[in-house]
Amino acid sequence: MPNDTPVIDCQVHAYDRNDESNYRAVLAGPATVTGEEMVAAMDAVGVDGALLISPFTIYGYDSSYCEGVAERFPDRFGLIAPFDPNSDTVAADVEAWAARPGVVGARIVLAFEGVDADHPGLAHVLEAGVRGGIPINVLCWGQLQILSELARRHPDTQIVIDHVGLQQPFQPPAPDEPWAEVDNVIALAQYDNVAIKISGACTLSHEPFPYPDIWPPLHRIFEAYTLERCLWGTDWTRATNLLTFEQGVEAFRVTETLSDDERATLMGGALQQIYGWTPGGSDAGG
């Protein structure tokens with residue numbers, strides 16, 4: 001990988017503890033992944049920066065813990081938080097969020113919301129993303145048709161599909177047909193405003209490291225979207241029961257199916273363009 005292209009993970013999480021004492025639910029992952037622990041893990045495997053996503057399973061719409069992490073490590077993390085489409089103030093909330101230092105995006109957890117494409121709150125979030133100049137990340141497994149309609153209606157909004165758009169396991173084994181919906185994922189490439197996170201892809205493998213069976217379907221996605229709209233990531237810590245952080249990084253470094261230039265684009269270059277953020281550099285917000 002060219003030395004001048006940073007390695008940036010498009011999706012990691014951090015939290016102070018993983019229990020049910022005060023939080024919504026227990027996330028698949030370690031007991032804690034503090035900011036310090038996440039940075040140490042990144043340092044150990046040569047990851048320069050990451051997009052820090054407030055874990056919805058634990059904190060819901062309260063992103064304060066990850067905000068504190070990003071404030072302590074502004075050179076390492078760009079910050080993304082989920083927003084509630086049912087909130088009467090969601091448009092103003094997203095715009096205010098976009099103006100904060102370190103913020104690079106907002107998120108809709110479509111897979112868990114039980115809403116359709118006509119829900120006004122979704123339009124409010126997507127339109128606020130345009131006004132705030134930030135991408136809107138969408139967890140949309142099982143809801144690809146809704147996302148297709150939203151992308152069509154909001155062509156000026158930069159939308160980023162989370163986790164390859166596919167249901168991913170929280171523990172082994174991978175689903176029998178993990179790529180069953182890949183044609184529907186590929187169909188979304190018709191919208192120029194849609195990019196896709198290749199995050200957690202290794203958890204869909206039926207083979208051990210370096211997960212050779214993920215590459216044929218991934219290359220179909222790369223061809224449809226072009227690598228300039230594809231963003232590598234580990235989805236650490238959700239993937240912890242299936243592979244190590246190092247394996248999630250190294251699988252993309254050791255594969256011979258990518259050239260050095262393609263690897264650099266996938267593992268950092270495309271993200272810099274889509275989010276306007278680079279580790280240690282200027283951020284998209286504030």
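The values are calculated or read from the model by the stated rules, or taken from the named source; none is laboratory data. Since the structure is predicted, the reported quantities are computational estimates derived from the model, not experimental observations. All Cβ positions, glycine included, derive from the backbone under ideal geometry; neighbour counts span all protein chains shown.
So, in region 1-26, exactly how many residues are in a loop (DSSP other than H, G, I, E, B) and buried (at least 21 other Cβ atoms within 10 Å of the Cβ)? Before you say what the answer is, go through the steps one by one.
First pass over region 1-26, keeping only residues in a loop (DSSP other than H, G, I, E, B): 1-7, 13-14, 16-26.
Now restrict to residues that are buried (at least 21 other Cβ atoms within 10 Å of the Cβ): 7, 13-14.
The number of residues fulfilling the criteria is 3.
Say we look at region 197-232 and pick out the residues that are farther than 18 Å from Met267 by Cα and among the acidic types (Asp, Glu); which of these is surrounded by the fewest Cβ atoms within 10 Å (Cβ to Cβ)?
Within region 197-232, the match that is surrounded by the fewest Cβ atoms within 10 Å (Cβ to Cβ) is Glu207.
Residue check: is Asp176 surrounded by fewer than 20 Cβ atoms within 10 Å (Cβ to Cβ), farther than 28 Å from Ser54 by Cβ, over 18 Å from the mean Cα position of the chain (by Cα) and in contact (Cβ under 8 Å) with a residue 40 or more places away in the chain?
Answer is no for this residue.
Take the residues in region 110-138 that are at pLDDT below 95 and within 20 Å of the chain's Cα centre (by Cα); name whichever of them is surrounded by the fewest Cβ atoms within 10 Å (Cβ to Cβ).
Phe112
Which count do you get for residues in region 108-139 that are more than 17 Å from Ser199 (Cβ to Cβ) and among the β-branched types (Val, Ile, Thr)?
The number of residues fulfilling the criteria is 4.
Give the residue, chosen from Thr255, Thr203, that is in contact (Cβ under 8 Å) with a residue 40 or more places away in the chain, hydroxyl-bearing (Ser, Thr, Tyr), within 30 Å of Thr157 (Cβ to Cβ) and out of contact with any strand residue (DSSP E or B) (no Cβ under 8 Å at 6 or more places or on another chain). It would help to see each step written out before you state the result.
Values: Thr255 fails: within 30 Å of Thr157 (Cβ to Cβ).
Of Thr255, Thr203, the one residue that is in contact (Cβ under 8 Å) with a residue 40 or more places away in the chain, hydroxyl-bearing (Ser, Thr, Tyr), within 30 Å of Thr157 (Cβ to Cβ) and out of contact with any strand residue (DSSP E or B) (no Cβ under 8 Å at 6 or more places or on another chain) is Thr203.
Among the residues of region 140-158, how many are buried (at least 20 other Cβ atoms within 10 Å of the Cβ) and acidic (Asp, Glu)?
Qualifying residue count, region 140-158: 0.
Check whether at least one residue in region 219-230 is in contact (Cβ under 8 Å) with a residue 12 or more places away in the chain and farther than 20 Å from Ala187 by Cα, and report yes or no.
Scanning region 219-230, I find no residue that is in contact (Cβ under 8 Å) with a residue 12 or more places away in the chain and farther than 20 Å from Ala187 by Cα, so the answer is no.
Helices (runs of 4 or more DSSP H) wholly in region 215-269 with at least 2 residues that are small (Gly, Ala, Ser) and more than 19 Å from Thr203 (Cα to Cα) - which ones?
Working: elements: 215-225, 245-254, 260-264.
Those helices (runs of 4 or more DSSP H) do not exist here; none qualify.
Name the residues in region 120-172 that are touching a residue at least 60 places away in the same chain (Cβ under 8 Å), part of a loop (DSSP other than H, G, I, E, B), of a type in the set (S, T, N, Q) and under 22 Å from Leu51 (Cα atoms), would you?
Hits for region 120-172 are Gln158, Gln168.
Criterion first (surrounded by 15 or more Cβ atoms within 10 Å (Cβ to Cβ), of a type outside the set (Val, Ile, Thr), without any contact (Cβ under 8 Å) to a residue 40 or more places away in the chain and under 26 Å from Val26 (Cα atoms)) does Asp84 satisfy it? So that I can check it myself, show each step before the final result.
Details: surrounded by 15 or more Cβ atoms within 10 Å (Cβ to Cβ): yes; of a type outside the set (Val, Ile, Thr): yes; without any contact (Cβ under 8 Å) to a residue 40 or more places away in the chain: yes; under 26 Å from Val26 (Cα atoms): yes.
Considered against the rule, which asks whether it is surrounded by 15 or more Cβ atoms within 10 Å (Cβ to Cβ), of a type outside the set (Val, Ile, Thr), without any contact (Cβ under 8 Å) to a residue 40 or more places away in the chain and under 26 Å from Val26 (Cα atoms), Asp84 comes out as yes.
Considering each residue of region 243-252, count those that are over 18 Å from Ala14 (Cα atoms) and touching a residue at least 60 places away in the same chain (Cβ under 8 Å), and give that number.
Keep residues of region 243-252 that are over 18 Å from Ala14 (Cα atoms), which gives 247, 250-252.
Within this subset, residues satisfying the condition of being touching a residue at least 60 places away in the same chain (Cβ under 8 Å) are 250.
Residues in region 243-252 being over 18 Å from Ala14 (Cα atoms) and touching a residue at least 60 places away in the same chain (Cβ under 8 Å): 1 in total.
Looking for whichever is within 19 Å of the chain's Cα centre (by Cα) and outside any helix (DSSP H, G or I) here; the options are Ile186, Ile196. Which one fits? Working first, answer last.
Working: Ile186 fails: outside any helix (DSSP H, G or I).
Every option except Ile196 fails the conditions.
Has region 66-74 got any residue that is more than 19 Å from His163 (Cβ to Cβ), basic (Lys, Arg) and under 17 Å from the mean Cα position of the chain (by Cα)? Don't jump to the end; show me each part of the working.
Start the filter on region 66-74 by keeping residues that are more than 19 Å from His163 (Cβ to Cβ), which leaves 67-74.
Retained after the next criterion (residues that are basic (Lys, Arg)): 72.
Filter once more, so that each one left must be under 17 Å from the mean Cα position of the chain (by Cα): none.
Looking through region 66-74, none of the residues is more than 19 Å from His163 (Cβ to Cβ), basic (Lys, Arg) and under 17 Å from the mean Cα position of the chain (by Cα).
Of the conditions (1) more than 19 Å from Asn137 (Cβ to Cβ); (2) touching a residue at least 24 places away in the same chain (Cβ under 8 Å); (3) surrounded by 14 or more Cβ atoms within 10 Å (Cβ to Cβ), Thr32 clears all except one; give me its number.
In the conditions (1) more than 19 Å from Asn137 (Cβ to Cβ); (2) touching a residue at least 24 places away in the same chain (Cβ under 8 Å); (3) surrounded by 14 or more Cβ atoms within 10 Å (Cβ to Cβ), Thr32 misses (2) alone.
Can you tell me which residue within region 45-61, out of those that are among the hydroxyl-bearing types (Ser, Thr, Tyr) and outside any loop (DSSP other than H, G, I, E, B), is nearest to Phe245 (Cα to Cα)?
Keep residues of region 45-61 that are among the hydroxyl-bearing types (Ser, Thr, Tyr), which gives 54, 57, 59, 61.
So of that shortlist, the ones also outside any loop (DSSP other than H, G, I, E, B) come out as 57, 59.
Values: Thr57: 20, Tyr59: 22 Å.
Step by step, filter region 45-61, then rank; the result is Thr57.
Which ones in region 62-94 are among the hydroxyl-bearing types (Ser, Thr, Tyr), touching a Ser or Thr at 6+ places or on another chain (Cβ under 8 Å) and assigned to a loop (DSSP other than H, G, I, E, B)? Even if it seems obvious, please write down each step before you answer.
Of all residues in region 62-94, those among the hydroxyl-bearing types (Ser, Thr, Tyr) come to 63-65, 87, 89.
Applying the additional criterion that residues be touching a Ser or Thr at 6+ places or on another chain (Cβ under 8 Å) yields 63, 65.
Listed by number, the list holds a single entry, Ser63.
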